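All of the numbers you see were taken from the coordinates with simple rules; none came from a lab. What you are looking at is a predicted structure, and each value in this text was computed from that prediction instead of being measured. Cβ placement follows ideal geometry from the backbone for every residue including glycine, while neighbour counts extend to all protein chains displayed.
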Amino acid sequence: MAASIREGADAAYNAAQNISNSFSPEVSTAPQLSLIATLTNNKLPIVLAIFVVFVLSQILKPNKNIPAGAKPLPQQLSIPWAGRFWDVPSEGIASAWHFGALHKKLGPIYAWKVMGTVHVWIETDKIARDLFVMRQRKYCDRNELPAAVGIREGKEVLPLMGFSDTFKRYKNFMHFIMKHSVPKSFYGWPASENKKTLRRLLENPDRWSEHLIVHCARTIAGVAWGDPEHGKKLLTIVPELLKAVSPAGPIINKLSFLSNLPWQMSAWKVSETRRNKEMRDAFYEALDDVKDRFSKGNVEECWSLLWLTDNKGAEAKKLDYHEAAHAIGSSAFVAIATIGGPLHAFFLAMCEKPHWLPILQEEIDRVCGDRLPVQEDMPNMPKLRATVKEMIRWRQSTPLGVPHSVLEDDVYEGYHIPKGAICHANNYLISREPKQFPKGNEFVPERWIDPSYPTYKEPLSEFPHIRGDIAFGYGMRACPGVDLTNVELFTLFGSLAWSFDISPKGEIPRYEVNPYVITMTSPFPINITARSEEKKRFIMDTEDAGYWLHDKKEPNLGRWDAKLVHEDDGALYTWEGLTTPYQARGQPKVYPSIETEGQDW
Ligand code: HEM
């Protein structure tokens, strides 16, 4: 038995190694490498000698920091200091499997030193909860991101901010504005944008991915600033930031010592300065616009208005203008790619499991009749809630979560976890643990509403729901956007199923995603058709469909429209590579089975 477990594990490991070897980084590293070459060319022997001495010193150096009685975590053997970063695939799902394969050798928690920093990999929900929830005060920091200069110490990007007084004030404010907007269905924005998105989809179904991205941006801009037009600013600034914080981004994210190069030699520092300014302009302009409308008495309810009017909100008082602009802005831009992920996956799921759409449509037709589903329908629609819950599990927007950094030395189950270590919970594998999630790689919404599955829970008027789902992280750093995600996905999935029949036009790409930390299914050709003439008329009956995208040839595009263009002569808008369409590349990707008998994930 033990041998068969080991064989299964080894097969999974080898398969994952093959996968990781077959991936290549998408970002060109040539300029940075040629810079290194120039620096080292003439002094190669000296550089090599220093490197060898350094490597030996790292190998022989005793670890004096381990507290008495504690032992080091199991280690992934790799080149001291440098690690084996080149092995790690860029795409979230592929790297989740890569690290999962190492768990087979090293156990459910192991350490791996890369570029002088200890990374700790966690593969069970229990360990993640023990550390990130039970000991949350020690595990609530964020790490430095070499290409995103100053983000950890700064006041600009809430999700990536180090643990500090500023972070606490921002997060409290975030909870305050969420609490205010949930009972008001996010001021009606998801409902009104759903209808516009249906119309864009009906009119131009081949551009479905574009319509979804625009949908997410318009909706959150309405919630944040009371005007969807500000979403254009978000679509302009998000891709650059997302790339800057992803391992597949600038080479410095892998070779972190390059951060010591002077400013003039660091292309990423220059581009970060530009990006920061662009982001500040966007957030200031949007908040100023709300202030202006407020002074004229024509502003709608929105998060910014809450800060302006201090509507019983002690939290609002604690943020100055710059802080409020960035607390609102940086929380708003998170809502695009994260929600865009399951929205893209919805189309993949409906094509892969065509039996589910008619089941869902039966429930929607029965409960809603001739109208679209709304937030208030939630208790009566367990199948629609199961679709949301399963989508979040099956295709996670952040398969490897967002890392938590350790503020103090800790000992867990006898193992030393050093201060400064960067801890990663492998959310993707945690939500595929075979005993809890049979057929974990499949989209099986039935698992939440059929008593024969271990995840089934009653009453069905309440369960399933996504509150507390591990896809949203753990403890003090857990995602405050769960309720907005819930409303957006429930109502838009429901509206799509109410309106359309969906089927693939050809090959279905199972695992194609972008290579950035927030992953999205690559768009692929599908048929989207109205279910009846009556529904067609209903969908077309909206004044403004929220068209945003331009042709490249259009003259005089303003600052926030300039990047909202179809890529080339009518080709799809790919959001600067974040939603590049699927291209069949020969062998489809296959991941190791997680159903291996006795496998202990
Ligand atoms: C499918 C949708 C979403 C998923 C899967 C998701 C996932 C996550 C995860 C994994 C984290 C890190 C948690 C941790 O460190 O343990 C996070 C943080 C965060 N999310 Fe979300 N998120 C989603 C939607 C949203 C939305 C809609 C918003 C805002 C409206 C939002 C705002 C934030 C913020 C502000 C943080 C930072 C919290 C902190 O650092 O303390 N998220 N999210």
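For the range 148-218, report the convex hull volume of the alpha-carbon atoms normalised per residue, in Å³, without decimals. Please list the in-between numbers first.
Values: hull volume 6.8 nm³, N = 71.
About 95 Å³ per residue, rounded to a whole number.
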(request) Please express the Cα-Cα pair-distance distribution P(r) of the range 362-406 as a list of whole percents, one per 5 Å bin, running from 0 to the bin with the greatest distance. (result) 5, 18, 20, 15, 12, 10, 8, 6, 3, 2, 0
(request) Identify, among Thr166, Gly150, Val133, the residue whose Cα sits farthest towards the positive end of the charge dipole of the range 132-172, taking +1 on the Cβ of Lys and Arg and -1 on the Cβ of Asp and Glu, with the dipole about the Cα centre. (result) Val133
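Sort Thr117, Thr485, Thr387 by Cβ crowding within 10 Å, fewest neighbours at the top.
Working: Thr117 17, Thr485 21, Thr387 29.
Sorted ascending by nearby Cβ count, the order is Thr117, Thr485, Thr387.
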(request) For Lys105 and Val590, calculate 0.36 nm times their separation in residues minus their Cα-Cα distance, and state this gained length in nm to one decimal. (result) 172.5 nm
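Taking R0 as 41 Å, what's the FRET efficiency between Phe463 and Asp541 from their Cβ-Cβ distance, rounded to 0.05? Before the final figure, lay out the partial values.
On the way: r = 36 Å, r/R0 = 0.87.
FRET efficiency, Phe463 to Asp541: 0.70.
Compare the peptides 102-108, 220-226, 232-238, 434-440 by average per-residue count of other Cβ atoms within 10 angstrom and give them in order, highest first. Please report the intermediate quantities before stating the final value.
On the way: 102-108: 18.3, 220-226: 26.9, 232-238: 23.4, 434-440: 16.6.
Result, highest mean first: 220-226, 232-238, 102-108, 434-440.
On full extension of the chain, what length is gained from Asp165 through Ser503, given 0.36 nm per residue of separation minus the C-alpha to C-alpha distance? Show your work: numbers first, answer last.
On the way: separation 338, 0.36 × 338 = 121.68 nm, distance 5.02 nm.
That pair, Asp165 and Ser503, stretches by 116.7 nm at full extension.
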(message) Skipping prolines and chain starts, which residues have an amide H placed within reach, meaning under 5 Å, of the one on Met115, given they are 5 or more residues away or on another chain?
(response) Ala82, Gly83
(request) Straight distance only, please: which lysines reach the Cα of Lys71 with their own Cα at less than 24 Å, same-chain residues fewer than 8 apart left out? (result) Lys61, Lys104, Lys105, Lys113, Lys126, Lys138, Lys419
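Please report, in debye to the nearest 20, how large the charge dipole of the range 378-427 is about its Cα centre when each Lys and Arg carries +1 at its beta carbon and each Asp and Glu carries -1 there. Kindly include the intermediate steps, with their values, before the conclusion.
Values: 6 positive and 5 negative charges, 121 e Å.
Once rounded to the nearest 20, the dipole reads 580 debye.
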(message) Please list, ordered by chain and number, the residues whose modelled amide H lies under 5 Å from the amide H of Tyr110; skip anything fewer than 5 residues away on the same chain.
(response) Trp121
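Could you give the length gained by full extension between Val270 and Asn556, i.e. 0.36 nm per residue of separation minus their alpha carbon distance, to one decimal place?
Working: separation 286, 0.36 × 286 = 102.96 nm, distance 2.67 nm.
Value of the extension gain: 100.3 nm.
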(request) Any chance you could check the Cα centroid distance between the range 221-239 and the range 554-575 for me, in angstrom? (result) 16
(request) Apply the Debye scattering formula to the range 95-189, with a single equal point scatterer on each alpha-carbon and no solvent, then give log10 I(q)/I(0) at q = 0.18 Å⁻¹. (result) -1.03
(message) Counting pairwise Cα distances across the range 319-453, what percent come out greater than 21 angstrom?
(response) 60
(request) Using a Förster distance of 35 angstrom, determine the FRET efficiency expected from the C-beta separation of Ser78 and Asp281, and round it to 0.05. (result) 0.25
(request) Treating cross-link reach as a plain straight distance, find the aspartates and glutamates whose alpha-carbon is under 13 Å from the alpha-carbon of Lys168, omitting any fewer than eight places away in the same chain. (result) Asp141, Glu315, Glu323
(request) Would you please give the FRET efficiency between Tyr321 and Asn441, computed as 1/(1 + (r/R0)^6) with r the Cβ-Cβ distance and R0 = 51 Å, to the nearest 0.05? (result) 0.60
(message) With every atom except the alpha carbons ignored, what do you get for Rg and Dmax of the range 188-242, in angstroms?
(response) 11.4, 32
(message) At a 10 Å Cβ-Cβ cut-off, how would you order Arg218, Arg200, Arg275, fewest neighbours first?
(response) Arg275, Arg200, Arg218
(message) Is there a quick way to get the dipole size of the range 120-194? I mean about its Cα centre, with the Cβ of Lys and Arg at +1 and of Asp and Glu at -1; what is the value in debye to the nearest 20?
(response) 380
(message) Under 8 Å for C-alpha pairs, at least 6 residues apart: give me the relative contact order for the range 395-460, rounded to a whole percent.
(response) 23
(request) Treating cross-link reach as a plain straight distance, find the lysines whose alpha-carbon is under 28 Å from the alpha-carbon of Lys195, omitting any fewer than eight places away in the same chain. (result) Lys179, Lys184, Lys232, Lys233, Lys353, Lys383, Lys389, Lys505, Lys535, Lys536, Lys552, Lys563
(request) Take the alpha carbon atoms of the range 474-515, find their radius of gyration, then divide it by 2.2 N^0.38 Å using N residues; give the quotient. (result) 1.71
